[in-house]
Amino acid sequence: MNKLFLVDAYSIIYRAYYALMRSPRINSKHFNTSAVFGFVNILNDVLSNDELTHIAVAFDPATPIFRHNDFPQYKANRDAAPEDIHLSVPIIKQIVAAMNIPIVEADGFEADDVIGTLAHQAAQKGFEVYMLTPDKDYGQLVTDKIKIYKPRYGEGGYDVLGVQEV
């Protein structure tokens, strides 16, 4: 059976960055590489899954999304991303591209919108789909063929959340 992993890039980037907050990874140019380091470690871990047949990484676009047009206060109370994360994203995109992993993003839509659409399209074609994210909002997308592949905090590994678990 074909197994598709869809990676929510920003949720993994944030998780990686904040997981290493107490002991950040700083390179010789004094750049905090924690987000890059953590993201690549998780990506390599997932790629070592011998059942994986397909993978893509979804990013939020730099442009506003349709929800901002409908509701200007959308995410207005959210803090801006740390500068280290902004500087890490292009590096992470270069690494993903160098690994020949498709990057998916759509102007006007968040990564979770893109992942939800691709997940349901792939499931209709017989794929078993795993959405790699710690984001609980993905629970609304879970079906018998679409699951959340949630990184565990602290001890490593992943929890697979299907219909029963959600």
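The values are calculated or read from the model by the stated rules, or taken from the named source; none is laboratory data. Treat the numbers as computed from the prediction; the structure is a model and nothing was measured. A quick note on method: Cβ atoms are made from the backbone with ideal geometry, for glycine too, and the neighbour counts reach across all protein chains shown. The protein model used for the area step is the full one, side chains on, heavy atoms only, and it has no ligands, DNA or RNA in it. Shrake-Rupley method; radii C 1.70, N 1.55, O 1.52, S 1.80 Å.
Worth a mention:
- Matching option when the condition is in contact with a Ser or Thr (Cβ under 8 Å, 6 or more places away or on another chain) and not in a helix (DSSP H, G or I), among Tyr153, Tyr149: Tyr149
- Selection status of Ile42, in contact (Cβ under 8 Å) with a residue 12 or more places away in the chain, surrounded by 22 or more Cβ atoms within 10 Å (Cβ to Cβ) and assigned to a helix (DSSP H, G or I): no
- For segment 115-137, filtering for residues that are more than 11 Å from the chain's Cα centre (by Cα) and either surrounded by fewer than 18 Cβ atoms within 10 Å (Cβ to Cβ) or outside any strand (DSSP E or B) (or both) leaves 15.
- Those residues of segment 77-114 which are in contact (Cβ under 8 Å) with a residue 60 or more places away in the chain, assigned to a helix (DSSP H, G or I) and either open to solvent by 20 Å² or more (accessible area, probe 1.4 Å) or more than 24 Å from Leu52 (Cα to Cα) (or both), in sequence order: Asp84, Ile85, Ser88, Val89, Asp112
- Output for segment 139-166, where each listed residue is buried (at least 19 other Cβ atoms within 10 Å of the Cβ) and more than 18 Å from Leu52 (Cβ to Cβ): Leu141, Val142
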